[in-house]
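Chemist: Submitted below is the structure of interest, expressed as structure tokens.
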């Protein structure tokens, strides 16, 4: 194939792409924040994180669930989601342009972000080797991060590739607003401004 024909095909392909850096970053940030909160809430309840975080083995490693920074956690996910979106956009030809691009995206998140990050994070190989946290604490957190990374990969892949489905934006946007409101209420409660009913 001649270089000029190849460049024309690539240009045509770029023009057909329904995504921009801004749209990928915003959609990723919204999906990440919502999935982080909802899956985290389910895991918090099912795995009794309040009791686990109060365990002396984790007491110096993890903030207690009543701490204001923990309540503010969902707010920080917006920044993390934007950073994920930036990376996803750079991988757009491998991820969004292929039929099973969500699987590639999920494997990247799973391997680089969970199992083998550059530091000794919980549930990672490095965490199991270099921290004194018992193995069961590493294993108990895996279902949450595996499911959340899968939802992030599939959700972002689908929404980016289907911009015509406006209902997705409405649903995610409404749930996102509720998550932010609950995070703000959690912060106000944690610092004693908003009193919890007894």
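The values are calculated or read from the model by the stated rules, or taken from the named source; none is laboratory data. Note that this is a predicted model, so its numbers are computed, not measured. Cβ: placed from backbone, ideal geometry, glycine included. Neighbour counts: every protein chain shown.
Chemist: Could you check how many residues of region 105-121 are free of Cβ contacts under 8 Å to residues at least 24 places away in the same chain and surrounded by 15 or more Cβ atoms within 10 Å (Cβ to Cβ)?
Modeler: Taking region 105-121 as the starting set, the residues that turn out to be free of Cβ contacts under 8 Å to residues at least 24 places away in the same chain are 107-108, 111-112, 115-121.
Narrowing the set further to residues that are surrounded by 15 or more Cβ atoms within 10 Å (Cβ to Cβ) leaves 108, 115, 117, 121.
Summing the residues that are free of Cβ contacts under 8 Å to residues at least 24 places away in the same chain and surrounded by 15 or more Cβ atoms within 10 Å (Cβ to Cβ) in region 105-121 gives 4.
Chemist: Can you find, within region 11-43, the residue that is modelled with the highest pLDDT among those that are over 30 Å from residue 180 (Cα atoms) and surrounded by 11 or more Cβ atoms within 10 Å (Cβ to Cβ)? Quick ask: steps written out before the conclusion?
Modeler: Start the filter on region 11-43 by keeping residues that are over 30 Å from residue 180 (Cα atoms), which leaves 11-17.
Next cut, surrounded by 11 or more Cβ atoms within 10 Å (Cβ to Cβ) only: 13, 17.
On the way: 13: 44, 17: 63.
Checking each candidate, the answer is 17.
Chemist: Could you check how many residues of region 44-56 are surrounded by 10 or more Cβ atoms within 10 Å (Cβ to Cβ), at pLDDT below 85 and not in a loop (DSSP other than H, G, I, E, B)?
Modeler: Final tally of qualifying residues: 5.
Chemist: Could you list, ordered by first residue, the pairs with Cβ atoms under 9 Å in which the first is in region 38-52 and closer than 19 Å to residue 174 by Cα and the second is at pLDDT below 85 and surrounded by 12 or more Cβ atoms within 10 Å (Cβ to Cβ), at least 6 apart or interchain?
Modeler: 40/49
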